Amino acid sequence: MPSNAIADKISYYTFPSIDGGEIDTSHWKGKPYLVVNTASLCGYTKQLEGLQQLYDEYSEQGFEILAVPSNDFNQELGSDNEVKEFCELNYATDMPMSITLHVRGRDAHPFFKEVQATTNFTPKWNFNKILIGSEGQVVDTWGAPVRPMSQKLQRVIQEQLSY
């Protein structure tokens, strides 16, 4: 989806937090946020470092990131505690993170089902990125090869922050 294509607004969702409780995306109303399906044992796992840098760079301006660990591609650790510990110890993550969830198929979290229904985008591998704009719309999506700190991704985030 090109960055100038804007899909219909999508609903707000809650995600079970890996820290306990819930992450409610309605608290991010009016702010852009990036949802990324992650995995601890993937060749792209080092992108967690870039995601944390992106979060550190833009969170004070209202930008959020939600990391969604998933074992849909058989590359996630066995328990949420292992995932949390791995991410914190190896990448010093403190961005919001859900428990391990499905991101595709019949058992996908409702957020991913709605994104698929609205934009026809479904994660095809780990570290796919979905940017929700400040008006609640899917602004753009990227596959795993697009690094979190890439110019193209940062440019679209900056555009959303300037609204």
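The values are calculated or read from the model by the stated rules, or taken from the named source; none is laboratory data. If you're wondering where the values come from, they're calculated on a predicted model, not measured in any experiment. Backbone-built Cβ (ideal geometry, glycine too); neighbour counts: all protein chains shown.
With respect to the stated conditions, residue 113 fails to be assigned to a loop (DSSP other than H, G, I, E, B), out of contact with any helix residue (DSSP H, G or I) (no Cβ under 9 Å at 6 or more places or on another chain) and closer than 30 Å to residue 79 by Cβ. Whenever a residue of segment 89-110 is without any contact (Cβ under 8 Å) to a residue 40 or more places away in the chain, its partners that are β-branched (Val, Ile, Thr) and assigned to a loop (DSSP other than H, G, I, E, B), lying with C-beta atoms within less than 7 angstrom and at least six residues away or across chains, give the pairs 104/122. On inspection, residue 138 fails the criterion of being in contact with a helix residue (DSSP H, G or I) (Cβ under 7 Å, 6 or more places away or on another chain) and either assigned to a loop (DSSP other than H, G, I, E, B) or exposed (fewer than 15 other Cβ atoms within 10 Å of the Cβ) (or both).
Would you confirm whether any residue within segment 90-97 is modelled with pLDDT of 95 or more, in a strand (DSSP E or B) and either surrounded by 21 or more Cβ atoms within 10 Å (Cβ to Cβ) or in contact with a Leu (Cβ under 7 Å, 6 or more places away or on another chain) (or both)? Yes, some residue in segment 90-97 is modelled with pLDDT of 95 or more, in a strand (DSSP E or B) and either surrounded by 21 or more Cβ atoms within 10 Å (Cβ to Cβ) or in contact with a Leu (Cβ under 7 Å, 6 or more places away or on another chain) (or both).
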